[in-house]
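This report concerns only the one structure given below.
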Amino acid sequence: MAPLTNAFVDYAKAIELNPTESFNYQNLATTVYLYRKDAIVVYHLNEQQVFDKSLTLYRKAIQLDPDNFPLATDYAQSYYGTRPFRHQ
């Protein structure tokens, strides 16, 4: 098994190869969100910036596939874990 950090590189490469596929952005957003401690190290960000990165990736995925309900659900649920809570 490869290190988790390879997932960040692999998803970024998938986006580079096909930037119009929403699931590539969704997969990277989910990975960044779930493995934020690793994302902090890989991207040299603080926790707030990692949340911002994940939410930005989700928004890009939704922009590409606005009728994808499971994607919208993932995006909405990601707000439960953000700190501090973003109510706006």
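For the reader, a short list of remarks on this structure follows.
- Within the accessible surface of the chain, defined with a 1.4 Å probe on protein heavy atoms only, the carbon and sulfur portion equals 58 percent.
- Full-stretch length increase - Arg83, Phe69 - with 0.36 nm per residue and alpha-carbon distance subtracted: 2.6 nm
- Cut-off 18 Å (backbone N to label point 7 Å along Cα→Cβ of Thr5), residues of region 19-34: 31-34
- Between the listed residues Pro70, Val41, Tyr58, the Cα displaced farthest toward the positive end of the dipole of the chain, a dipole computed from Cβ unit charges relative to the Cα centre, is found at Val41.
- Accessible surface, per residue, of the chain when the full set of protein chains is kept, probe 1.4 Å, Å²: 65 Å²
- Loop-located chymotrypsin sites (Phe, Trp or Tyr not before Pro) in region 1-61 whose Cβ has at most 14 other Cβ within 10 Å (DSSP): none
- Gyration tensor (Cα) of the chain, equivalent ellipsoid semi-axes in angstrom: 19, 18, 10
- Top of Ala12, Ala39, Ala76 by mean-square fluctuation, Gaussian network on the chain, Cα under 10 Å: Ala76
- Student exercise, region 37-88 dipole from Lys, Arg, Asp, Glu Cβ charges, in Debye to nearest 20: 180 debye
- For Arg83, the accessible area of its heavy atoms, probed at 1.4 Å with every protein chain present, is near 120 square angstrom.
The values are calculated or read from the model by the stated rules, or taken from the named source; none is laboratory data. Treat the numbers as computed from the prediction; the structure is a model and nothing was measured. Heads up, the Cβs are rebuilt from the backbone with ideal geometry, glycines too, and the neighbour counts pull from every protein chain shown. Areas reflect the complete protein model, heavy atoms only, side chains present, ligands, DNA and RNA absent. Shrake-Rupley method; radii C 1.70, N 1.55, O 1.52, S 1.80 Å.
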